[in-house]
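Engineer: This is the structure, below, for whatever I ask next.
We did not get these values from a lab; they are worked out from the coordinates using the rules stated. Keep in mind it's a predicted model, so treat the numbers as computed, not measured. So basically every Cβ, Gly included, is an ideal-geometry build from the backbone, and we count neighbours across all protein chains shown.
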Amino acid sequence: MTFQIESNLDFDVKKIEYVVASSGGNDSICLVEFMIRNFEPGTFLVLYNDTGWSRKDWPARIDEISDMLRDKGVPFVKTLSQGFSNVVKERKGFPMPASSMQFCTQELKTLPTLSFLTEHDPDCNWTIVTGRRREESNNRAGLQMYEYDTTIYKGRDVYNPLVTFNEQVRDEYILSFGLTPLPHSSMECFPCVCSNKEDLKSLKQWPDKIIEIKELEVSMGHTRNGKPRVMFRPYRCGGGIGIESAIAWAEGARGTKINVVPKEYQIPEVDYSKYRGDMTSAERVVFWSDIKSQCEKLGYDLSDLPTDLAYDDTTKAGQEFSRQCDGGLCGN
């Protein structure tokens, strides 16, 4: 599969040596400033993946970065994916925080990046530059500055020049570039499937995004067990089904339970009155089995739809989802 690209400048592939991976967030801007200070113009380009799921104000920031880099003689290349909503519809379900089930990253970032690299660097001579830092997490504490023959980039080397940077140094680079450090992470995917309570609460500032998510959820219908397909799994959101219920849970006090299936997510004529947000795993299995039986008696054909394992933490996928989540949703 090939993906369209947009670039603020023409670039000579024969002169390019480095591709700078960028999300537009703080580490990415620091990284770009580092490259400008230490490498000749024309020897590197900046690559950004448009996921089609950014926060409403994020494209304006990306355009600003693109313009600033154009003025500095640095190519800024943007890959255009099929978009988060289309991927969800194609997969008949939403991705989950569990790393093995985050197909959104693969479809919206990894594949467009590899497509661009394959087309413009078929011999794998370019080096990929990332803004990862050891200080960010325990998982990155042992990150090396150089990684050779990487699998994810089809044998290309990876250079991580910011491994020893702390936030103070990073922010100094951002200011030098001409931007102000952000008080939050990158918003090229908003909300992320790994959103925590604070992320969910922040959605109240973006009502258009809530409407977009709800319309997508409702359009996705139900699994073959009669469960509504929603972005944030109910058993990790106090039983809340649908984006509005997930936000209500996030805004509530600790232990808040959402004990209703919103009408928009119900199958007509099916009785959801026994639903409780505080049901045990076993009780959930019984409840959804009853919903499935009601659907069958009423003649609803759900047999062509895959089962959503995320609802059942007795499954391997559900347990992995639960393991990676903290405070109700995956922390980040």
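Engineer: In whole Hz, what ³J(HN,Hα) sequence does the stretch 277-286 give by Karplus (6.51, -1.76, 1.60; θ = phi - 60°), x for Gly and Pro?
Structural biologist: x, 9, 5, 6, 4, 5, 5, 5, 4, 5
Engineer: While we're on this one: Using Cα positions and a limit of under 13 Å, work out the aspartates and glutamates in reach of Lys89, with same-chain residues fewer than 8 apart set aside.
Structural biologist: Here the aspartates and glutamates satisfying the reach criterion relative to Lys89 are Glu107, Glu215, Glu217.
Engineer: In percent, how large is the relative contact order of the chain, given Cα pairs closer than 8 Å and 6 or more residues apart?
Structural biologist: Over the chain, the number comes to 17 percent.
Engineer: Indicate, rounded to the nearest 5 percent, the antiparallel portion of the DSSP beta bridges found entirely in the stretch 4-177.
Structural biologist: Of the beta bridges lying entirely in the stretch 4-177, close to 30 percent run antiparallel.
Engineer: For the chain, what does -39500 (n - 2.57) per DSSP helix run (n ≥ 4), summed and divided by total residues, give at 222 nm, in deg cm²/dmol to the nearest 500?
Structural biologist: It lands at -10000 deg cm²/dmol.
Engineer: Mind telling me which of Pro181, Pro234, Pro95 comes out most flexible in a GNM of the chain, alpha-carbon contacts under 10 Å?
Structural biologist: Comparing Pro181, Pro234, Pro95 in the GNM, the peak value goes to Pro181.
Engineer: Compute the helix-to-body angle for 26-38: its Cα long axis versus the longest principal axis of the chain, expressed 0 to 90° and rounded to tens.
Structural biologist: 10
Engineer: Still on this structure: Using each residue's phi in the stretch 240-247, evaluate 6.51 cos²θ - 1.76 cosθ + 1.60 at θ = phi - 60° and report the 3J(HN,Hα) Karplus result to the nearest Hz, with x for Gly and Pro.
Structural biologist: x, 9, x, 4, 5, 5, 5, 5
Engineer: Answer with one residue from Gln106, Phe287, Gly83: the one whose Cα lies farthest towards the positive end of the charge dipole of the chain, charges on Cβ with Lys, Arg +1 and Asp, Glu -1.
Structural biologist: The listed residue farthest towards the positive side: Phe287.
Engineer: While we're here: Using unit Cβ charges (K, R positive; D, E negative) and no other charged atoms, how large, in debye to the nearest 20, is the dipole of the chain about its Cα centre?
Structural biologist: On the way: 40 positive and 49 negative charges, 196 e Å.
Its charge dipole is roughly 940 debye.
Engineer: Another question about this same structure. May I ask which of Lys15/Lys92; Lys109/Lys204; Lys209/Lys263; Lys72/Lys209; Lys154/Lys214 have a Cα-Cα span longer than 31 Å here?
Structural biologist: On the way: Lys15/Lys92 43 Å; Lys109/Lys204 27 Å; Lys209/Lys263 20 Å; Lys72/Lys209 34 Å; Lys154/Lys214 38 Å.
Going by Cα-Cα distance, Lys15/Lys92; Lys72/Lys209; Lys154/Lys214 fall outside the 31 Å limit.
Engineer: Short version: ³J(HN,Hα) in whole Hz for each residue of the stretch 155-169, in order, from phi by Karplus 6.51 cos²θ - 1.76 cosθ + 1.60 (θ = phi - 60°), x for Gly and Pro, what are they?
Structural biologist: Computed from phi, the couplings for the stretch 155-169 are x, 6, 7, 10, 10, 10, x, 9, 4, 9, 6, 9, 5, 5, 5 Hz.
Engineer: Starting with the highest mean, order 25-33, 274-282 by the number of other Cβ atoms within 10 Å, averaged over the residues of each peptide.
Structural biologist: Packing order, densest peptide first, comes out as 25-33, 274-282.
Engineer: Which is farthest toward the positive dipole end of the chain among Ser202, Asn139, Leu302, measuring Cα position about the Cα centre, with Cβ charges +1 (Lys, Arg) and -1 (Asp, Glu)?
Structural biologist: Value: Leu302.
Engineer: Using alpha-carbon pairs under 8 Å, 6+ residues apart, how would you state the relative contact order of the stretch 95-176 in percent?
Structural biologist: For the stretch 95-176, the relative contact order is 25 percent.
Engineer: Would you mind telling me which residue in Phe177, Phe39, Phe76 has the biggest mean-square fluctuation in a Gaussian network model of the chain, where springs connect alpha carbons within a distance under 10 angstrom?
Structural biologist: Phe39
Engineer: Quick one: work out the % antiparallel among DSSP beta bridges in the chain, nearest 5.
Structural biologist: 35
Engineer: Something else about it: With a 10 Å cut-off between alpha carbons and a GNM built on the chain, which of Gly131, Gly178, Gly93 moves the most?
Structural biologist: The residue that fluctuates most here is Gly178.
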